[in-house]
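Q: Below you'll find the structure I mean.
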Ligand SMILES: O=C(CO)COP(=O)(O)O
């Protein structure tokens, strides 16, 4: 993962899959190329293969299961994500919590497969505990701000600065921040507060013109 990290989490909006999902991914790819900036997208499991085949962006899973291969109906494992063309995974998103032992197992399996792992945490108290597991990155997101349009950068800047302090114990782990990011200013502020980048969903996936929004985010991230 390269700084500034811009991670767009597709979630499960009506724009997140099928033709619309591919269309948004292609628009994001255009901006990524134009500004020579890596943009990571995390997409639903059904879309990993299709989107990874259509664009050159790093495609992440929004979640993986940590069970081994075998008789586990419905599971999506790191091995499957890798084979589908994925480059990494989100873990423990507020909308998809998993246990700490599952997080540890998923990080280790991902690492062995050369997949990046981004572990979401909802509060500062978890940064150290997750940091010891050495994921590629920790994404801190106060849940009450997710999807609110009120950004963590403006409403809870101390969450970012505290997490940035705590992550210093783990120099190989990046700290990114998200929840309610809607403007270029929100992106720039998060980075100025010490984050290595941002995670975002609704401001892009629900936008009339997602390309314009992504362009504003990338410009702001690069301007810091
Ligand atoms: O959950 C998020 C990204 O993982 C943030 O969501 P919003 O950008 O919609 O607040």
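What follows is calculated from the coordinates using simple rules that are stated; it is not laboratory data. Predicted model only: the values in this text are computed from it and were never measured. When we count neighbours, we look across all protein chains shown, and the Cβ atoms used for this are built from the backbone with ideal geometry, even at glycine.
Q: Take every Cα pair under 8 Å in segment 5-223 that's 6+ residues apart, average their separations, divide by the length, and report that relative contact order as a whole percent. Each step should come with its number before you reach the end.
A: On the way: 453 pairs, mean separation 40.6, N = 219.
Rounded, it is 19 percent for segment 5-223.
Q: Please report the base-10 log of the normalised intensity I(q)/I(0) for segment 124-215, using a Debye sum with one equal scatterer per alpha carbon and no solvent, at each q in 0.11, 0.14, 0.21 (1/Å).
A: Log10 I(q)/I(0), no solvent term: -0.29, -0.47, -0.94.
Q: Restricting to DSSP H runs of at least four residues, report the calculated mean residue ellipticity at 222 nm for the chain, -39500 (n - 2.57) per run over all residues, nearest 500 deg cm²/dmol.
A: Mean residue ellipticity at 222 nm (helix-derived): -11500 deg cm²/dmol.
Q: OK, next. Take 93, 63 and order them by how many other Cβ atoms sit within 10 Å, fewest up front.
A: On the way: 93 25, 63 21.
Neighbour counts put them in this order, fewest first: 63, 93.
Q: Scale the Cα Rg of segment 5-223 by the rule-of-thumb value 2.2 N^0.38 Å and send over the ratio, two decimals. Provide the component values of the computation, followed by the final result.
A: Details: Rg = 16.1 Å, N = 219, 2.2 N^0.38 = 17.1 Å.
Its radius of gyration relative to the 2.2 N^0.38 Å reference: 0.94.
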